[in-house]
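Beneath this line is the structure, given in structure tokens, with notes to follow.
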Amino acid sequence: MLLRTFVDEKLAHYSYLVGCQATGEAIVIDPMRNIEPYLETAAREGVRIVGAAETHIHADFVSGARELADRVGATLYLSDEGDENWKYCYLDGLPHRLLKDGDVIQIGNIRLEVLHIPGHTPEHLSFLLYDLPATQKPIGIFTGDFVFVGDVGRPDLLEAAAGLAGTAVPGARQMFQSLKRFKALPDYLQVWPAHGAGSACGKALGAVPSSTVGYEKLTNWALQIDDEDAFVEALLADQPEAPKYFKHMKRINKEGPALLRELKEPVRFGADDETLERLQAEGVQIVDARPQAAFQEGHLPGSINIPLGKSFTTWAGWLVDYDRPLAVVADEAAAEEIRIALRSIGIDRLEGIIAPTDVLARGPEKLDRYANVRPEDVKDRLGDFFILDVRSESERKAGALEGSTHIMLGDLPDRLAEVPKDRPILVHCELGGRSTIAASILRANGYREVYNLLGGYAELKQALGRVDAPLNA
């Protein structure tokens, strides 16, 4: 048997290629949209990808299942559980098989037994893996967003992101029942989830990529609660904010993503006045992917800063308008990485790339900037500022500056009316990373006196000489 794991670090997404070396066939579990790594690995290992299976209709990334069907003729193995709201709508003309609980997928000597385990979503499946004829016992389970290392899938996304009111509590109760089935599995089984630490599909995902059923029974908080009502309360408490783009992912993966060969390739835009005026007239939004220090020293007026890094994809999903075309400021070496990252969450309208050298060539008088300040610079005059806290709700509950206003970063574009334009704005997060993005959003929307707090709330607490600050609820 051949088993390879693929990691999209920007989305904390795990996918898997499972192959039978005897027959030269392989299947991909929960494929990402960029299928090139699977094709390269299959070619290197001497197997053909003949199938693509999904555990559920994903909300946090665009599936590559349709892409694999188009490129290599892979048969799609997809859930047929759940009601009419959870059926795939793009399968006409594609090789596919719809799955129910107890069904079996056979790829050479590899056997995948289908388990329906609702909770995270109504149609969710997991796959028990058998390596025949070496053993008649299962060796592991692909859990998708059911059981993670140290956590379980959140059931509130349908309500929080997709707008399906009243689904969180029933989903939590389904999860409680599904976990009984997990607990009945042999302790020795390997557990291969679809996500790790950094994913918003749970609240306490571990950084270790895999586990065992037995270890999760011992250590996973969700498997320690035997009372259903207590479990529901604990599962729904303190879940992180659901990224806005999740609602787009559910729709895209249900209706079928566009094929990559159908998308227009981005071109290089200049940064001259005429080009920028044209882009502005066409409603093109500009994201500057340079590091914060480079952006702060001078950037195109109206652009926002989302530095290219592990969090780039998530914040792009929060802050980019899916209905408008996009241009990105980035050097040539980063352009392909950015394109793949944006397409992984369905941002397909990347019209062009603007070179940083073209931005700087405009001269400092035509560039915008904001100010950075250190905690020691402002600790004695905090009352002079409108203090904007862009951290998460859980961070704010742990402590906040009295008199500050809380608007989580991802919500800021929709709540700008709550931020006055006639006062200097001091914006902070926990450590100083997210606040730079917030400062760029404020500047892009006409706020003139914007100050970004370097070191964030953590360093400001130290400068103020206290362990924590009270929350002004």
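The values are calculated or read from the model by the stated rules, or taken from the named source; none is laboratory data. Fair warning: this is a prediction, and the values are worked out from it, not measured in the lab. When we count neighbours, we look across all protein chains shown, and the Cβ atoms used for this are built from the backbone with ideal geometry, even at glycine.
For ALA327, are the conditions met, namely being surrounded by 22 or more Cβ atoms within 10 Å (Cβ to Cβ) and closer than 18 Å to GLY270 by Cα? I'd like the intermediate steps shown before the answer.
Working: surrounded by 22 or more Cβ atoms within 10 Å (Cβ to Cβ): yes; closer than 18 Å to GLY270 by Cα: yes.
When the stated conditions are applied, ALA327 passes them.
Considering only region 195-244, how many residues are of a type in the set (D, E, K, R) and modelled with pLDDT of 95 or more?
Of the residues in region 195-244, the ones of a type in the set (D, E, K, R) are 203, 216-217, 226-229, 233, 238, 241, 244.
Narrowing further to those that are modelled with pLDDT of 95 or more: 216-217, 226-229, 233.
Count: 7.
Residue-by-condition table, conditions (1) closer than 30 Å to LYS244 by Cβ; (2) in contact with a strand residue (DSSP E or B) (Cβ under 7 Å, 6 or more places away or on another chain); (3) surrounded by 23 or more Cβ atoms within 10 Å (Cβ to Cβ); (4) not assigned by TED's automatic domain parsing to the domain that holds ALA234:
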site	(1), (2), (3), (4)
PRO170	yes, no, no, no
LYS180	no, no, no, no
LYS183	no, no, no, no
GLU216	no, yes, yes, no
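Name the residues in region 326-365 that are assigned to a helix (DSSP H, G or I), in contact (Cβ under 8 Å) with a residue 60 or more places away in the chain and either under 29 Å from LYS244 (Cα atoms) or out of contact with any Leu (no Cβ under 7 Å at 6 or more places or on another chain) (or both), would you? Break it down into steps so the answer makes sense when it comes.
First, pick out the residues of region 326-365 that are assigned to a helix (DSSP H, G or I): 332-343, 356-360, 364-365.
Narrowing further to those that are in contact (Cβ under 8 Å) with a residue 60 or more places away in the chain: 335, 339-341, 343, 356, 358-360, 364.
Scanning region 326-365 gives ALA335, ARG339, ILE340, ALA341, ARG343, PRO356, ASP358, LEU360, PRO364.
Being free of Cβ contacts under 8 Å to residues at least 40 places away in the same chain and over 30 Å from LYS244 (Cα atoms) is the filter; apply it to region 42-70 and report the residue that is surrounded by the most Cβ atoms within 10 Å (Cβ to Cβ).
Among those residues, the one meeting the criterion is ILE49.
Looking at GLY206, GLY202, GLY196 in this structure, which one is within 25 Å of SER311 (Cα to Cα) and touching a Leu at 6+ places or on another chain (Cβ under 7 Å)? Even if it seems obvious, please write down each step before you answer.
Details: GLY206 fails: touching a Leu at 6+ places or on another chain (Cβ under 7 Å); GLY202 fails: touching a Leu at 6+ places or on another chain (Cβ under 7 Å).
Of the residues listed, the single one that is within 25 Å of SER311 (Cα to Cα) and touching a Leu at 6+ places or on another chain (Cβ under 7 Å) is GLY196.
Return the only residue of ARG434, ARG443, ARG423 being of a type outside the set (A, V, I, L, M), in contact with a helix residue (DSSP H, G or I) (Cβ under 6 Å, 6 or more places away or on another chain) and not assigned by TED's automatic domain parsing to the domain that holds PRO301. Show your work before the answer.
Values: ARG443 fails: in contact with a helix residue (DSSP H, G or I) (Cβ under 6 Å, 6 or more places away or on another chain); ARG423 fails: in contact with a helix residue (DSSP H, G or I) (Cβ under 6 Å, 6 or more places away or on another chain).
None of the other options fit; the residue is ARG434.
Check region 413-432 and report whether any residue there is out of contact with any Asp or Glu (no Cβ under 9 Å at 6 or more places or on another chain), loosely packed, with under 14 Cβ neighbours inside 10 Å and touching a residue at least 40 places away in the same chain (Cβ under 8 Å).
No.
Looking only at region 130-159, count how many residues are small (Gly, Ala, Ser), without any contact (Cβ under 8 Å) to a residue 60 or more places away in the chain and assigned to a loop (DSSP other than H, G, I, E, B). Please lay out each step first, then the result.
Looking only at region 130-159, we keep the residues that are small (Gly, Ala, Ser), and these are 134, 140, 144, 150, 153.
Right, trim to without any contact (Cβ under 8 Å) to a residue 60 or more places away in the chain and you get 140, 153.
Remaining after also requiring assigned to a loop (DSSP other than H, G, I, E, B): 153.
Residues flagged as small (Gly, Ala, Ser), without any contact (Cβ under 8 Å) to a residue 60 or more places away in the chain and assigned to a loop (DSSP other than H, G, I, E, B) within region 130-159 amount to 1.
Please determine whether any residue of region 328-335 is out of contact with any strand residue (DSSP E or B) (no Cβ under 7 Å at 6 or more places or on another chain), aliphatic (A, V, I, L, M) and either modelled with pLDDT of 95 or more or assigned by TED's automatic domain parsing to the domain that holds ALA294 (or both). It would help to see each step written out before you state the result.
Here is the first cut: in region 328-335, the residues out of contact with any strand residue (DSSP E or B) (no Cβ under 7 Å at 6 or more places or on another chain) are 331-334.
Adding the requirement that they be aliphatic (A, V, I, L, M) leaves 333-334.
Among the residues that remain, those that are also either modelled with pLDDT of 95 or more or assigned by TED's automatic domain parsing to the domain that holds ALA294 (or both) are: 333-334.
Yes, region 328-335 has at least one match.
Please indicate, with yes or no, whether at least one residue in region 289-309 is assigned to a loop (DSSP other than H, G, I, E, B), at pLDDT below 95 and either more than 19 Å from the chain's Cα centre (by Cα) or closer than 30 Å to ALA53 by Cβ (or both).
Among the residues of region 289-309, not one is assigned to a loop (DSSP other than H, G, I, E, B), at pLDDT below 95 and either more than 19 Å from the chain's Cα centre (by Cα) or closer than 30 Å to ALA53 by Cβ (or both), which makes the answer no.
Six or more apart or on different chains, Cβ under 6 Å: which pairs go from a residue in region 389-406 that's touching a residue at least 24 places away in the same chain (Cβ under 8 Å) to one that's among the aliphatic types (A, V, I, L, M) and in a helix (DSSP H, G or I)? Could you list them?
If the second residue must be among the aliphatic types (A, V, I, L, M) and in a helix (DSSP H, G or I), the pairs left are VAL390/LEU409; VAL390/ALA438.
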